[in-house]
1. Would you mind telling me the share, in percent, of accessible area of region 148-200 contributed by carbon and sulfur at probe 1.4 angstrom?
2. Note the full-extension length gain between R226 and T197 as 0.36 nm times their separation in residues minus their Cα-Cα distance, in nm to one decimal.
3. Each label point is 7 Å from the Cα along the Cα-to-Cβ direction; what then is the distance between the points at Q144 and I57, in nm?
4. If I model a spin label as a point 7 Å beyond the Cα along the Cα-Cβ vector, how far apart are those points for D177 and D237 in nm?
5. Classify region 126-241: rounded, prolate or oblate, from the alpha-carbon gyration tensor (a ≥ b ≥ c, eigenvalue square roots; a/c under 1.5 rounded; otherwise prolate if a/b is larger than b/c)?
6. Once R0 is set to 41 Å, what does the formula 1/(1 + (r/R0)^6) return for the Cβ-Cβ distance between S49 and T128, expressed as a FRET efficiency to the nearest 0.05?
7. Among all the lysines, which ones have a C-alpha under 23 Å from K162's C-alpha, if same-chain residues fewer than 8 places away are not counted?
8. Between D67 and S37, what's the calculated FRET efficiency when r is the beta-carbon distance and R0 is 35 Å? Round to 0.05.
Amino acid sequence: MNFYNLICKAVLALLLICFWFIPDIGFADNSDYQTFSEIETKKIFEETSGEIFDNWIKYQTSGAYSDVDKTVLSFLRDVTMFDLWNYLFGDLPVEATINISKELVNIAKILNTENPAGGVIGLMESLTVKGAIKYANDYLFQHQMKAAFGAMKVKYTTEKTKVDSALQYIMVYKPKDKDTGELIIRLYSPKALEPPTSHGSVGMAMGFINDLADGEKIPPFIAEIRGEVTKTNFPYDRQWT
């Protein structure tokens with residue numbers, strides 16, 4: 001599994017309107033592409049949490065990574081262990097629907113080793129909401145991909161303030177065969193956050209370590225986690241390989 005911190009203010013600005021609220025989840029139109037169930041999504045994040053921890057250990061011992069990257073990894077490991085929920089297109093406002101459609105296609109094209117930028121994204125911007133959803137659905141369906149997008153609650157108290165926010169995610173999976181495939185997860189934090197107070201268990205099996213200077217906030221970020229996953233013998237379960 002590989003971790004990347006993809007700081008991109010343009011994308012964060014586009015996604016800011018997508019998730020900066022927690023909508024009431026209702027019945028939505030069925031998608032043509034396969035979606036990860038909420039159980040599958042949670043199982044993937046549970047497995048991912050351990051991989052994030054392994055990467056954090058590597059970052060801490062190598063000396064080649066920034067304090068921001070180390071803190072973002074520790075933060076992600078801490079918050080992805082808690083509640084999350086998937087959205088469907090019908091749950092989102094118009095602006096968010098178009099932005100999510102573009103990001104889904106963008107990530108899917110990376111998995112297909114296609115150029116994600118340029119003409120296609122421009123084309124989608126000119127489509128209606130239904131047209132953008134159809135384009136994304138058709139692309140994912142034609143390539144037999146699975147996808148999910150949603151948010152997880154980020155709520156904690158520091159010595160200075162109470163943080164009540166949300167971390168957003170999009171994941172796209174491309175199968176190689178019936179058991180294995182390549183997965184990209186992107187997590188989006190559109191605004192600077194006061195870091196949690198450092199805490200943890202023996203051996204840091206759970207917890208958070210803040211490597212930032214005193215008073216420094218965790219900046220807005222896009223974190224990408226990419227690698228191959230394989231189904232296990234347990235229902236809905238996949239592990240990074």
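1. In region 148-200, the share of accessible area belonging to carbon and sulfur is 48 percent.
2. 7.6 nm
3. 3.6 nm
4. With each label placed 7 Å out from Cα toward Cβ, I get 2.1 nm.
5. Oblate.
6. Working: r = 39 Å, r/R0 = 0.95.
Step by step, r from the Cβ atoms, then E = 0.60.
7. Cα-Cα hits under 23 Å: K70, K153, K191, K217.
8. Rounded to the nearest 0.05, the efficiency is 0.40.
The values are calculated or read from the model by the stated rules, or taken from the named source; none is laboratory data. Computed from a predicted model, the values in this text were never measured in an experiment. Heads up, the Cβs are rebuilt from the backbone with ideal geometry, glycines too, and the neighbour counts pull from every protein chain shown. Accessible surface is based on the protein model in full, side chains and every heavy atom, while ligands, DNA and RNA are left aside. Shrake-Rupley method; radii C 1.70, N 1.55, O 1.52, S 1.80 Å.
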